[in-house]
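Notes for the one structure printed next.
Read the figures in this text as sums done on the coordinates, not as results from a lab. Just so you know, these numbers come straight off a predicted model, no measurement behind them. Note that each Cβ is placed from the backbone with ideal geometry, even for glycine, and that neighbours are counted across all protein chains shown.
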Amino acid sequence: MSIRILLLFAALLAGTPAFAQQQPSGTPPLADELAIQALLQGNTVHGRVTIPDQRAANLIQPQGREWREFHNVTLAWVGGIAVVGMLVLLTAFYLIRGRIPIQGGRSGRTILRFDLFERTNHWMVASCFIVLALSGLNLTFGRHVLLPLIGPSAFTTVTEIGKYAHNFLAFPFTLGLLFMLLLWAKDNIPNGNDIRWLKAGGGLVGHGEPPSGRFNAGQKGIFWITVLGGALVAASGYMLIFPFFFTDIQGMQLSHMLHSIPAVLLIAVMLAHIYIGTIGMDGAVEAMTTGQVDLNWAKQHHNLWVEQELAKGRGATPPVRAKPTGGD
Amino acid sequence: MARMKFLLDSDRCIECNACVTACKNENEVPWGINRRRVVTLNDGKPGERSVSMACMHCTDAPCQAVCPVSCFYTTADAVVLHDKDLCIGCGYCFYACPFGAPQYPRIGNFGTRGKMDKCTFCAGGPQEDNSEAEFIQYGSNRLAQGKLPLCAEMCSTKALLAGDGEVIAQIYRERVVKRGYGSGAWGWRTAYRETVTI
């Protein structure tokens, strides 16, 4: 830092009268802001102010231009390609593969896949995520998509409500992610089955689905992307909710970058998750509605888990007053 | 129409902060909001200089480019203004602005920002010129009265110049030639992508 100040001082000296007097008739030397900025190596030009707001002591911050480029160009392209690209991919997949049926049809017997707490927590995170995603996308794309449709005044109302919703729903969203980690982390630890599952394309492409436990490799991927990606988005989001509380202007710009890029990628991944959980696969959506899935569906996609659950049932001690089989 | 600009001659600025006070008084700017401030570089060392800085009313303004609700507009005099009825207080203009011009009153929970406030080049806002509504939201509209921004008009050493870019650049050029030195028009290359050539 002291070297920079010395260099700045040298640049300023070049414009002092003592130097200029040597050539009074010629063109005077001009140590203009560019020369000084070059010496500062594109860093913020920082000084002292007599007002309490110390952010005002930054005279020029050239990084703002890079952030503008990021916000208007990089983020718009990455976000646009991720979201629209995923929708195109899923449509193509649906047209080629169609809805994945339950092998052998429904058995009529069900097995509990997610209990009430797991389901409630899932839908808390999911509903928060949908609002967070839509209000976030609106902040980047709304002025090009929604603004021309509904006009500036209505658009401001929608965006402002979106901003408040985005800020407040961040808290239940983070809490839900924490619950997810505690509930499901143990079933999402990668193992050898995942490699076989991935090699076989998970039964999504080609035929025959390799065996898997409670969660297959694809679901484990979704889980860790949600939890780790969500943690990154949440952490950077809290930096933005409390502006300049933890960091300075460069930190705020970086937080925005670390918030928005993972967020649009998460949206793309979640679109695929929503697809396979609803229209993409017969018998899947019940796992998160009633919690009871058809036994044939469970055997087809999670055979190792079904065996475990049934073994638990066989090995369980019946209540004392239960009648023995064939007792009546 | 003129192309309005600010020009700060840092060889003349004595850090008296009269421009800051004039701005606050003329526009009745609330506490905590500084549309204009004086930054001192190399404070207390040889080569110290002070620069009075506010919104520079940039060509192709970054604030305007990043605003999610497109609340900015550029007047015929090339003054960059914004509509507070449309602003949502997201703070993006502050991240993009090279000069730290946008200011926000703090309201409500967390760091919730209110409507952005910044230097209007004493040109008010989208409301009717010199109406009560315009004054409450944006402050004085001196331009509509045929006057220039008060900060520059009040400047005791005439370090801060405001007006048509061509005219103030010419005044500065004459100064530099007469006294034999000058340290350039601060922020011009960043704001207008040009500098004052002597």
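In peptide B:55-68, what is the residue-averaged number of other protein chain Cβ atoms found within 10 Å of each Cβ?
3
Pop a pseudo-label 7 angstrom from the Cα along the beta-carbon direction at both residue A:50 and residue A:112 and give the gap in nm to one decimal.
It works out to 7.3 nm between the two label points.
Which aspartates and glutamates have a Cα lying under 15 Å from the Cα of residue A:186, excluding residues fewer than 8 positions away in the same chain?
By straight Cα distance, residue A:186 reaches A:118, A:194.
Which whole-number percentage describes the relative contact order of region A:63-315, with Cα contacts under 8 Å and a sequence gap of 6 or more?
Across region A:63-315, relative contact order equals 35 percent.
Within straight cross-link reach of residue B:158, meaning Cα distance under 22 Å, which lysines are found once same-chain residues fewer than 8 apart are removed?
B:5, B:24, B:147, B:178
Toward the positive end of the charge dipole of region A:124-239, about the Cα centre and with charges on Cβ (Lys, Arg +1; Asp, Glu -1), which of A:227, A:168, A:217 goes farthest?
A:217
Using 0.36 nm per residue, how much length does the chain from residue A:320 to residue A:228 gain when fully extended, once their Cα-Cα distance is taken away?
Once the chain is fully extended between residue A:320 and residue A:228, it gains 28.5 nm.
Using only the alpha-carbon atoms, what does region B:4-192 span along each of its principal axes? Please give whole angstrom values in decreasing order.
On the principal axes, region B:4-192 reaches 51, 37, 30 Å in Cα extent.
May I ask you to derive the FRET efficiency for residue B:194 and residue A:94 from their Cβ-Cβ distance with R0 = 51 Å, giving the value to the nearest 0.05?
Using R0 = 51 Å, I get an efficiency of 0.40.
How far is helix B:165-179 tilted off the main Cα axis of chain B, in degrees rounded to 10, range 0 to 90?
Helix B:165-179 sits at roughly 30 degrees to that axis.
What is the fewest-to-most order of A:125, B:177, A:83 by other Cβ atoms lying within 10 Å of their Cβ?
Listing A:125, B:177, A:83 from fewest to most nearby Cβ atoms yields B:177, A:83, A:125.
Give, in nm to one decimal, the length gained when the segment between residue A:310 and residue A:154 is fully stretched (0.36 nm per residue of separation minus the Cα-Cα distance).
Taking 0.36 nm per residue and subtracting the Cα distance, the gain is 50.5 nm.
What's the average, rounded to a whole number, of partner chain beta-carbon atoms within 10 Å of each residue's beta-carbon in A:49-57?
Neighbouring Cβ atoms belonging to other protein chains average 6 per residue here.
Order these by the 10 Å Cβ neighbour count, fewest first: B:116, A:124.
In increasing order of surrounding Cβ atoms, one gets A:124, B:116.
State, to one decimal in nm, how far the label point of residue B:145 lies from the label point of residue A:286, with both points 7 Å from Cα in the Cβ direction.
7.7 nm
Calculate the mean, over all residues of peptide A:64-77, of how many other protein chain Cβ atoms lie within 10 angstrom of the residue's Cβ.
Per residue, the number of nearby Cβ atoms from other chains is 4 on average.
Nearest 10 degrees is fine. How inclined is helix B:18-27 to the longest principal axis of chain B, computing both from alpha carbons?
For B:18-27 against chain B, the angle is about 30 degrees.
Going by how many other beta carbons lie within 10 Å of each one, how would you line up A:132, A:149, fewest first?
Ascending Cβ contact count within 10 Å gives the list A:149, A:132.
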